[in-house]
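Only the coordinates and a few stated rules stand behind these numbers; no lab work does. Fair warning: this is a prediction, and the values are worked out from it, not measured in the lab. Cβ coordinates were reconstructed from backbone atoms using ideal geometry, including for glycine residues, and neighbour counts include every protein chain displayed.
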């Protein structure tokens, strides 16, 4: 009976050491990760034909606008609605007048759009 108790204690200690080691090993792995940091924000490539050609928000349809990073179908519809109600955009910052477009979103969108005759 005593031998069984000793065996059980040793077994539990062995399992405990294994669990402790694995928990420490996992947490050490977390510290070993390296993260890259860049002062310059990166923006995803435009998934349309010519990556270098910005989209003219005065002529683009809803489908094309929704392909711009930061613009989904709902935002594209809001841009079209604003354009129909107020006429063509004369300044990219007019997008800030559209309810549903915040400043962060506008900063992302600016990299992918243009207004014809403006550069």
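Filter segment 90-117 down to residues that are assigned to a loop (DSSP other than H, G, I, E, B) and in contact with a strand residue (DSSP E or B) (Cβ under 9 Å, 6 or more places away or on another chain) and give me whichever is nearest to residue 75 (Cα to Cα).
115
Output the residue which, of all residues in segment 87-101 that are loosely packed, with under 12 Cβ neighbours inside 10 Å and without any contact (Cβ under 8 Å) to a residue 24 or more places away in the chain, is nearest to residue 54 (Cα to Cα).
It comes out as 93.
For segment 55-68, how many residues are touching a helix residue (DSSP H, G or I) at 6+ places or on another chain (Cβ under 6 Å), part of a loop (DSSP other than H, G, I, E, B) and under 15 Å from residue 114 (Cβ atoms)?
1
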